[in-house]
Amino acid sequence: MLDEVRTPRLMIAGTASSVGKTTLTAGLIAAFKARGLTIQAFKVGPDFIDPAYLAHVSGRPCRNLDSWMLGEGALRQVLAHGSVGADLAIIEGMMGLFDGRGGNAEGSSAEVAATTRAPVVLVMDVSHMAETAAAVALGFKSYSSSVKIAGVLLNNVGSDGHRRSVEEAIWNGAKLPVLGALPAMPELGIPERQLGLLPVTENKAWDRMIAVLAEVIERQVDLDLLLRIAQKAELMPLVPKKVFQGKAPSNHRVRIGVAYDEAFNFYYPENLELLEEQGAEVVPFSPLEDAAIPNHVGGIYLGGGFPEVFAEPLAQNHSMAESLQRANRGGMPIYAECGGLMFLARSLQTESGERYRMAGIVPVDVEMDGEVHRFGYRQVLTLEDSILSPKGQFFRGHEFHWSRVRNQDPEIKPAYQMINAEGEHIGYEGFVTPNLLASYVHLHFGQNPMLVEKLVARCREYAGVRSPA
C-alpha cells in the first residue's frame, strides 16, 4: 500500500461561483492531454454534473474530494487511488475558494487544498475590473496561511491592454503571477438548467467546444509553468484509514444491477469500485432501453439523475417496471438514491403538469414544481435496520432536489432522521422495508465500509452465493 502521494497536482479554484472554473479546468485537461499527459480529474464537494464533463475530457472517472462526507483519511485515500497511473492530478474547486458547509470553510476548496497539499490556481472573472483585481488577489492570498495560492488565471479579459494592466496590478499589489488569460468566449459557455450545468450527455456541442478551448488555452496559458507548479506540490502522507481493500475472489462474486443511462448516472465512482472490491460484479442496465433488469442479479442499485426529463419513455417501458416489481416482491435488495427514488414511486408529475406512471414500488407520488425543496449536506440517523446498515447508525450525505413527495402511504417507514448543516433536526427522510431503501440523500460509501459490506452481504444472501472465507 502507498504511504504517500507524489503525483503532481493543482487545484483550480475560483473567487466565486460562475467565474469559469469548470470550463477552464476542462480546457486545461484537454490541453495537457494534447501534450501526451495522462490527467486525473477531481471535483471538490458532492457534485455529479461537473465531474461528468471532466471525465468526458480526461477519459478517466472524475472523483469527488468531499472532506465533510469522507474525512481527511478517506479523502486522501480517494486521491491516491484515483491518481494511480496519472502524470498530473487537476482538482476543480467548488463555489468560492473559502466557501464551505453551513457558511464556513468546513468542506471548502481551501480545506481540500490544505488536506491534499495542492497548490491553488485562482480563477478570476475580470470582465468588470482592472486595478481592483489586485486587491481581490491580495485578499485571497493573505486570508489563510494553510492555502498556497501559486498564481492567477484571468477569465473574460477584454483586450491585450486590459490583460497587461490587470497582470501588472496583480503582480505589483499581490506578488502573484498571472499564469494565463482568456478572452470572453460566450459561445463556449456550458448551458445551465435547474441542478446546475446541462449534463454532458445532453450537450451535443461539447466535443467541438472543448477542442476550440484547448487550442485557446495552449496559446494563452503558460502550461509549462503550471506543470512546474504542480510538480512542486508537497508529498501527501496517507493516514492509516484504508478505504480500498483489494478485490474479493472472483469465484464468490454476486451480480448487482446498476442503472446507468441518460436518466440515471449520478454515482460516486468509488461506490461502484467498493462494491466490486467487496465481491460484487457491477452489471449496468438501462431503465430507459432494456426490457427488464439483468438476469441472475442479487440486487439493484438505482442512482440519481434526471428521470423527470425522461419521464415519458420511462413510463412507456412497462416491462421494466414489471421486472422491478417482481424483483421487489421476491425480496431482492433494492437501493435507490434521489432520481432512483423518483423512478420507484407510483407516479411522477413534471413541471408542465403532466403525470406519468413510474415503477410503483414505493407508495408515493412525486411532483416537480420548480422549487428547491432540500439542498445541502445532511447527517442521517438510521431509524430501522436496512439493507445498508443496522438501526441507530450515523452517516453523512448530501441532497439537492426539485421535487416533493405527495400522498405517502402511512404504513411505509421512514429511513432516516435528518440533521442539517447547523446541527438541527429537520425531520424524516426516505423509505425502508426489509429489502428496500430509497431516499433523496446521496451517500458516499467510502465514509464507512459497513455500507458496502452489508449491501453486498444481503445481495449474496438473496442470490445464494457463498461468501469468501
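The values are calculated or read from the model by the stated rules, or taken from the named source; none is laboratory data. Being a predicted model, the structure only gives us computed values, none of them experimental. Cβ placement follows ideal geometry from the backbone for every residue including glycine, while neighbour counts extend to all protein chains displayed. To get the accessible areas, we keep the full protein, side chains included, count just its heavy atoms, and leave off ligands, DNA and RNA. Shrake-Rupley method; radii C 1.70, N 1.55, O 1.52, S 1.80 Å.
Here are a few things to note about the model shown:
- The HN-Hα couplings worked out from phi for the range 98-104 by the Karplus form 6.51 cos²θ - 1.76 cosθ + 1.60 (θ = phi - 60°) are 9, 8, x, 6, x, x, 10 Hz, whole numbers, x standing for Gly and Pro.
- Rounded, prolate or oblate (a/c below 1.5 giving rounded, otherwise prolate when a/b exceeds b/c) for the range 265-349 by Cα gyration tensor: oblate
- Projected-area mean, the range 214-335, by convex hull of Cα positions, square nanometres: 12.6 nm²
- Area of Glu281 that stays accessible when all protein chains are in place (1.4 Å probe, Å², to 10): 80 Å²
- With K and R counted +1 and D and E -1, the other residues having a Cβ less than 14 Å from that of Arg117 yield a net charge of +1.
- Under 5 Å, built H, 5+ apart or other chain: amide partners of Phe42: Arg63, Ile90, Ile91, Glu92
- Rounded to 0.05, the FRET efficiency of the Asp261 and Phe375 pair, given R0 = 25 Å and the Cβ-Cβ distance, is 0.50.
- A Förster distance of 56 Å, applied to the separation of the beta-carbon atoms of Ala130 and Glu354, puts the FRET efficiency at 0.65.
- Spread of Cα-to-Cα distances over 20 Å intervals beginning at zero, given as percent, for the chain: 24, 54, 21, 1
- Hydrodynamic estimate: the Kirkwood radius of the range 317-388 over Cα pairs, inserted into Stokes-Einstein at 10 °C and 1.306 mPa s, corresponds to D of 114 µm²/s.
- Over the range 412-469, the fraction of Cα-Cα pairs per 5 Å bin, rounded to whole percents and listed from the shortest bin up, is 4, 14, 18, 23, 20, 11, 6, 3, 2.
- For Lys391, the solvent-accessible surface computed with a 1.4 Å probe is close to 130 Å², ligands and nucleic acids excluded.
- Average Cα contact separation per residue, the range 248-346, under 8 Å, 6 or more apart, as relative contact order %: 33 percent
- Separation between Cα centres of the range 378-404 and the range 22-84, rounded to whole Å: 26 Å
- Computed over the range 91-226: relative contact order in percent, which uses C-alpha pairs under 8 Å that are six or more apart: 19 percent
- Vicinal HN-Hα couplings computed from phi for the range 401-412 (Karplus, 6.51 cos²θ - 1.76 cosθ + 1.60; Hz; Gly/Pro x): 9, 10, 10, 10, 8, 10, 6, 6, 5, x, 6, 7
- For Gln393, nonlocal amide neighbours, meaning residues 5 or more places apart or on other chains whose placed amide H falls under 5 Å from its own, are Thr382.
- Coarse-grained scattering of the range 316-469 at q = 0.18 Å⁻¹, given as base-10 log I(q)/I(0) from a Debye sum over alpha-carbon atoms: -1.14
- For the pair Trp171 and Glu461, the difference between a 0.36 nm per residue extended length and the Cα-Cα distance amounts to 98.0 nm.
- Residue-averaged [θ]222 nm for the chain, counting only DSSP H segments that reach four residues, each worth -39500 (n - 2.57): -9500 deg cm²/dmol
- Counted over all Cα-Cα pairs of the range 85-214, pairs farther apart than 20 Å make up 55 percent.
- Cα-based shape type of the range 40-108, given that a ≥ b ≥ c are square roots of the gyration tensor eigenvalues and the cut on a/c is 1.5: oblate
- Under 5 Å from the amide H of Val5 lie the amide H atoms of Met236, Leu238, each residue being 5 or more positions distant or on a separate chain, with H modelled from the backbone and absent for Pro and chain starts.
- Extent along principal axes [Cα atoms of the range 1-129; Å; largest to smallest]: 44, 34, 24
- Largest accessible area first, the residues Arg374, Arg9 order themselves as Arg374, Arg9 under a 1.4 Å probe with ligands, DNA and RNA left out.
- Table column - 3J(HN,Hα) (Hz), the range 69-81, Karplus curve with 6.51, -1.76, 1.60, x for Gly and Pro: 6, 9, x, 4, x, 5, 4, 5, 5, 4, 5, 5, 4
- Measuring only protein heavy atoms, the 1.4 Å probe finds Val136 accessible over about 40 Å².
- Per residue, the accessible area of the chain comes to 40 Å², computed with a 1.4 Å probe over protein heavy atoms only.
- Pairs from Lys43/Lys454; Lys33/Lys141; Lys148/Lys175 whose Cα-Cα separation, in the structure shown, is over 18 Å: Lys43/Lys454; Lys33/Lys141
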